[in-house]
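Here's the structure, in structure tokens; my notes come after.
The values are calculated or read from the model by the stated rules, or taken from the named source; none is laboratory data. The structure presented is a predicted model; accordingly, all values stated were derived computationally and were not measured. Note that each Cβ is placed from the backbone with ideal geometry, even for glycine, and that neighbours are counted across all protein chains shown.
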Amino acid sequence: MIKSRLFRWFRWIGAIYLLIGIVFYFLQDRLIFHPERVHPDGQYEIPYPHQPLAIPLNNSDTLHLIEFLPDTHANFRGIILYFHGNRKHIGYYADQTPPMTKAGYRVLMIDYPGYGKSSGRLTEEKLYEWSEIVYRIAHKQVAADSILIHGKSLGTGIATRLASIRACKGLILETPYYDLPTVAKRFMPVYPTHWIMRFQFPLNTFLQRVKAPVLIYHGTKDEVIGIKQAMRLRPYLKSTDRMIVVPGGKHNGLIDDASVLKALDSCWNN
């Protein structure tokens, strides 16, 4: 009798475990990406000098980016390619750009497929391809040693992959992760996330191929990507690379920390 009951319990537990895994596999796009659309004729609510650019790639894909213009009183230093996080659209991250434009940089920020005004089916490979497109746009205007690549959260994987195959002045990683399945493991510890996830973003592998200087900053109280993710990247940093740990820092607002702003200022003005 006891064995029969235990068998039924294990069967139910196994069925529930399998069901949750299947649901996660088919809905992982919705769990990872949280885009917000903007009508093609609509406007972003951005109070900073900027100009939009739409690049039709084929019948279904249009890459939309915004160029944030440098302060007219600053010496022009180059271009920052900014790859944002997994939420909303460019307008949500626009307030990160004033310190960059004040330092004399143009900032090119793309929206991923399905975000803002960009269209197309979102895949990991397509994100890499789009990052290379925006890099080519920047490289036509300035030399590689005047291009900084900045990634935030989800965008750190895209930024690191780009910096691993293209020359640049430096790579800046804000709240990076080891790889995406490891992030998912925090929320689904009993599942083989590396096997069931279609999106990998192996930042740890890409980082080992980056020759440019790297700056990482991460908060100890990050509620989205734990600080352990950044700490696992330490073995892949070069002797000249830097990692700043912000005590009490969360997922957003790290640029307000004095040590982070000082390190960024050094990257921008070096």
Subject >> Answer from ARG106, ARG121 - the residue that is assigned to a strand (DSSP E or B), over 14 Å from the mean Cα position of the chain (by Cα) and not polar (S, T, N, Q) >> reply: ARG106
Original post:
When segment 155-169 is examined, which residues are found to be over 19 Å from HIS34 (Cβ atoms) and either β-branched (Val, Ile, Thr) or part of a loop (DSSP other than H, G, I, E, B) (or both)?
Top reply: THR160, ILE165, ARG166, ALA167, CYS168, LYS169
Subject >> Which listed residue, of LYS126, LYS88, LYS140, LYS152, is modelled with pLDDT of 95 or more, within 30 Å of GLY226 (Cα to Cα) and surrounded by fewer than 20 Cβ atoms within 10 Å (Cβ to Cβ) >> reply: LYS126
**OP:** Please determine, by comparing only the residues of segment 166-219 that are surrounded by fewer than 18 Cβ atoms within 10 Å (Cβ to Cβ), over 17 Å from LYS238 (Cα atoms) and of a type in the set (Val, Ile, Thr), which one is modelled with the highest pLDDT.
**Re:** ILE196
Subject >> Pick from segment 221-240, criterion under 19 Å from the mean Cα position of the chain (by Cα), over 18 Å from LEU154 (Cα atoms) and not aliphatic (A, V, I, L, M), ranking: surrounded by the most Cβ atoms within 10 Å (Cβ to Cβ) >> reply: TYR236
Subject >> Count of segment 48-85 residues which are surrounded by fewer than 17 Cβ atoms within 10 Å (Cβ to Cβ) and aliphatic (A, V, I, L, M) >> reply: 6
Subject >> segment 162-209, residues that are of a type in the set (Gly, Ala, Ser) and in contact with a Leu (Cβ under 7 Å, 6 or more places away or on another chain) >> reply: ALA163, GLY170
Subject >> Selection count, segment 96-123, where residues are in contact (Cβ under 8 Å) with a residue 60 or more places away in the chain and either surrounded by fewer than 16 Cβ atoms within 10 Å (Cβ to Cβ) or farther than 14 Å from ASP61 by Cα (or both) >> reply: 7
**OP:** Give the residues of segment 36-84 that are farther than 29 Å from ALA103 by Cβ and not in a loop (DSSP other than H, G, I, E, B), sorted by residue number.
**Re:** ARG37, PRO56, THR62
